[in-house]
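Here's the structure, in structure tokens; my notes come after.
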Amino acid sequence: MSAKRDADAAVTALYDAHYRPLVALAALLVTDAGLAEDVVQDSFVALHRGWRLLGREGPGDDQALSYLRRCVVNRSRAAQRRGVLRSVRAPGHEPAPGQRPAPGQGGPAALAALHALPPRQREVLALQHYAGLSASQTARMLGTSTTAVQRHTARAMASLRTVLDPRAGGNVP
């Protein structure tokens, strides 16, 4: 029974520390705040269920956070495949007046441009520029090469420049 209490306490501590940043990450990957919250909550449930499978005594914080990020990305992809993305925000999920946008959410135009990117480009940008992962960490998380991550990043940045600053013409410096 002690192992269950340890898992409960560890997952609760991770939830307290990382819930909001993970919801913000999910919101960059899906277009609906309510769905982003559902994705993160489901990811925490999966972490709790598989706690003992991640390590003999449970995973370390870094391993658990990496697992949660991977779950958020994979569950966001699954939601898109199933077509459950909602086109309007659920009531009560609008940011509070005066609330700062999360890093990487430079405003409505930037967020709309980000959501218009192909899923892999959006994932790469969210993981690198919001979650702060390196290109190699992003590659490991997405199961691809560092070169592919760099290529997706370059293409995404060029697309964003074209949309957000038409004078840039999509040229990558």
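The values are calculated or read from the model by the stated rules, or taken from the named source; none is laboratory data. As the structure is a prediction and not an experimental result, all values here were calculated from the model. Ideal geometry is used to build each Cβ from the backbone, glycine not excepted, and the neighbour counts take in all protein chains shown.
Does any residue of the range 24-39 turn out to be assigned to a helix (DSSP H, G or I) and more than 21 Å from HIS115 (Cα to Cα)? Looking through the range 24-39, none of the residues is assigned to a helix (DSSP H, G or I) and more than 21 Å from HIS115 (Cα to Cα).
Of note, ARG56 does not satisfy the criterion of being of a type outside the set (Gly, Ala, Ser), within 17 Å of the chain's Cα centre (by Cα) and either assigned to a helix (DSSP H, G or I) or at pLDDT below 90 (or both). How about the range 116-128: which of its residues are part of a helix (DSSP H, G or I) and either crowded, with 18+ Cβ neighbours inside 10 Å or modelled with pLDDT under 90 (or both)? Selection gives GLN121, ARG122, GLU123, VAL124, LEU125, ALA126, LEU127, GLN128. Residues that are outside any loop (DSSP other than H, G, I, E, B), modelled with pLDDT under 80 and under 25 Å from PRO119 (Cβ atoms) do occur in the range 73-80, at least one of them.
Assess whether SER66 counts as being under 17 Å from GLN137 (Cβ atoms), under 16 Å from the mean Cα position of the chain (by Cα) and of a type in the set (S, T, N, Q).
On the way: under 17 Å from GLN137 (Cβ atoms): yes; under 16 Å from the mean Cα position of the chain (by Cα): yes; of a type in the set (S, T, N, Q): yes.
It is true that SER66 is under 17 Å from GLN137 (Cβ atoms), under 16 Å from the mean Cα position of the chain (by Cα) and of a type in the set (S, T, N, Q).
Condition check for LEU142 on (1) more than 17 Å from ALA26 (Cβ to Cβ); (2) in contact (Cβ under 8 Å) with a residue 60 or more places away in the chain: one failure, at (1).
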